[in-house]
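Worksheet: one structure, shown below.
Readers should treat all values here as calculations from the given coordinates under stated rules, not as data from a laboratory. Computed from a predicted model, the values in this text were never measured in an experiment. So basically every Cβ, Gly included, is an ideal-geometry build from the backbone, and we count neighbours across all protein chains shown.
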Amino acid sequence: MDTVLVVGFNVRPLARSAKKAGYRVLAIDYWGDMDLLQWADAHLAILEQQPDQRPDRPHHPTAESLIVGVQQMLETQDPVDYILVSGGFDDHPDAWNQLHSLGRLVGNSSETLQHSRDRELTNRLAKRFGADAPRSFEVKDEKEFQWGTNQLELPILIKPKYGSGGFHTRIIHTEQDLNRYRDRHRFSKDEPVLVQELIQGNDVSVSLLGTGDSAITLSVNRQLIGLPELGKQKTKAYCGNVVPLDAPSEIIAQLANTSEEICRQLKLVGSNGFDYVVDNNGVPFFMEINPRIQATIEALELVSNINVVNLHIDAWNGVLPKQLPNFKGYCTRIIVYAKTLVEIPNLSNIPGVVDIPLPGSHAERGDPICTVNHVAASEADALKGAWEIVNTIYNFLTPISSSSSNE
C-alpha cells in the first residue's frame, strides 16, 4: 500500500479522499479536529485542542508551522510515496520549495505557483480569454492608499495582497469606514494591501485538472462568501459552496473555457481552482487561482462518481479522465463560524457535521466551529437542509460571558 502525506490548513477532506482511494494516509493539519482520526493512519496538528479553552495560536506563520510538522512526521514515518497539499501555501513559494525537497510533491512547481498568484499576469490572461478583472491598486503606505481609494467609487474591497479564503478583507461602504480603516491600519512594504473595485454579483468557482499541456473542468460551483447568517457580512470570507452551480449552460461553458485556457497557458498540473464573480449582466470577473486541491473536494465527491486524489495524481502524471463527473444531485457545504465566545458541545451525533472539534473546547467570535454537508436532489433543498443543520448547531452552542472567561 502506497503512503500519502497530506498537509494543509484543513486536510480532513483530502485525507478522506486519499483513504477512500486506498492509500495509507499521514496527515499534517492546522486544526486537528476529532474526525480527522478516522481517515489518517498517523497525524500531527498545529493546534492542541483542550476542554474549557480556545486553542493557543502558534507564534510562527501557518505555512512554517506546517512544514515543521511534515519534518517531524517524516522522522518516524519515512518513506512517503506522495505529498499532497491543500490550503495554506498559496503565497509561500519558499515553503512550497521545502515541501518539494522533502518528497514527491504531487502538484505545481514553485515557479508555476508564483505565476498563478501573479495578479497582473492572471488578470491579463483572464481578459484575453473572455473574462474581465476588477480594478485594483497595490498600496504600501498611506499616500498610496489615499491615491488608490480616490480612483474607485465606494463601496470598495480592501484585502491583503498575500492570503486566500477572503480572511482579513474589509468591505468599505462609506467615507467614515474608509477613514477608520486608514487611521487603524499600519501600512507596511512587507505586507502590502490591495484596494479593489467591489464587483456585485454571484461568487463562483471552477474546479479543473491540468497536465501542463491540456485541461478539463470537473465542476463549476456556487461559492458562499461573506454570509451575514454566519457573522461574516463585513468581509469576503469563504463560507462554503454549492456543488455544482445551477446556472445557464452558456455561463458555465464560458467559465470552464476561460479557466481551461488560463490553465494551459500557466502549465498548471493536477487539481486547481479558479474563483470568479459573475456580475448582474452575466460578465465573469476573474478573482484568483488556488493552485492546489480545493476545499470543494468533499462536496464534489459526495455528489459524483469520482475520487479527486486519484484524478489529481493521474493528471500530474499526464492523464486526464475520459469521462466527466456524473452528478447525482447537489451538495451544500457551509462552514459554521462562532458569532461570539462559545463553548462547543459534542457535535459528532449530528448528521452531516464534519471537522468536529473537541467537545468542551472554546471558539471566539469569527473562529470556524465545524462544517456542514448536505446532499439533496435540488439546489434549493440542499441549501435548506444545510441551513437547518447550521441553525441546530447554533442552538446547541453555549455562550460564555467575558467575565467567566477571564476567571
Note to self: Taking 0.36 nm per residue of sequence separation and subtracting the Cα-Cα distance, how much length would be gained by fully extending the chain between residue 150 and residue 111, in nm to one decimal?
What the structure shows: 10.6 nm
Note to self: I'd like the distance separating the alpha-carbon centroids of segment 152-209 and segment 62-88, in whole Å.
What the structure shows: 31 Å
Next item on the list: Please identify, among 339, 140, 189, the residue showing maximal mean-square fluctuation in a Gaussian network model of the chain using a 10 angstrom Cα cutoff.
Entry: 189
Notebook entry, point to check: Got the relative contact order for the chain handy, in percent, Cα pairs under 8 Å and 6 or more residues apart?
Noted result: 16 percent
Checklist line | Exposure proxy order (Cβ contacts within 10 Å, fewest to most) of 162, 276 | finding: 162, 276
Checklist line | GNM flexibility winner over the chain from 350, 252, 225 (Cα, springs under 10 Å) | finding: 350
Notebook entry, point to check: The list (1) 1.05; (2) 1.17; (3) 0.96 gives values of Cα Rg over 2.2 N^0.38 Å, and only one came from this structure; which label was calculated from it?
Noted result: (3)
Check: Which shape class, rounded, prolate or oblate, goes with segment 3-105 when its Cα gyration tensor gives a ≥ b ≥ c as root eigenvalues, a/c under 1.5 marks rounded, and past that a/b bigger than b/c marks prolate?
Finding: oblate
Notebook entry, point to check: Which Cα, out of 126, 331, 375, lies furthest along the positive dipole direction of the chain (beta carbon charges, K/R +1, D/E -1)?
Noted result: 126
Notebook entry, point to check: Which loop-located GluC sites (Glu not before Pro) does segment 96-184 contain, where loop means any DSSP state but H, G, I, E or B and the Cβ has at most 11 other Cβ atoms within 10 Å?
Noted result: 153
Item checked: Sorted by Cβ neighbour density within 10 Å, fewest at the top, the residues 362, 115, 312 -> 115, 362, 312
Margin query: Considering all projection directions equally, how large on average is the shadow of the alpha-carbon convex hull of segment 135-197, in square nanometres?
Written below: 3.8 nm²
Item checked: Stretch gain in nm, segment residue 234-residue 401, where the contour uses 0.36 nm per residue and the Cα spacing is subtracted -> 57.7 nm
Notebook entry, point to check: Rounded if a/c is under 1.5, else prolate if a/b is larger than b/c, else oblate: which is segment 97-159, with a ≥ b ≥ c the root eigenvalues of its Cα gyration tensor?
Noted result: oblate
Checklist line | 267, 322, 328 arranged by Cβ crowding within 10 Å, fewest neighbours leading | finding: 322, 328, 267
Notebook entry, point to check: So, in Å, what gap is there between the alpha-carbon centers of segment 356-379 and segment 1-49?
Noted result: 18 Å
Item checked: From phi via Karplus (6.51, -1.76, 1.60), per-residue ³J(HN,Hα) for segment 106-122 in Hz, x at Gly/Pro -> 8, x, 6, 6, 4, 5, 5, 4, 5, 4, 5, 9, 7, 5, 5, 5, 5
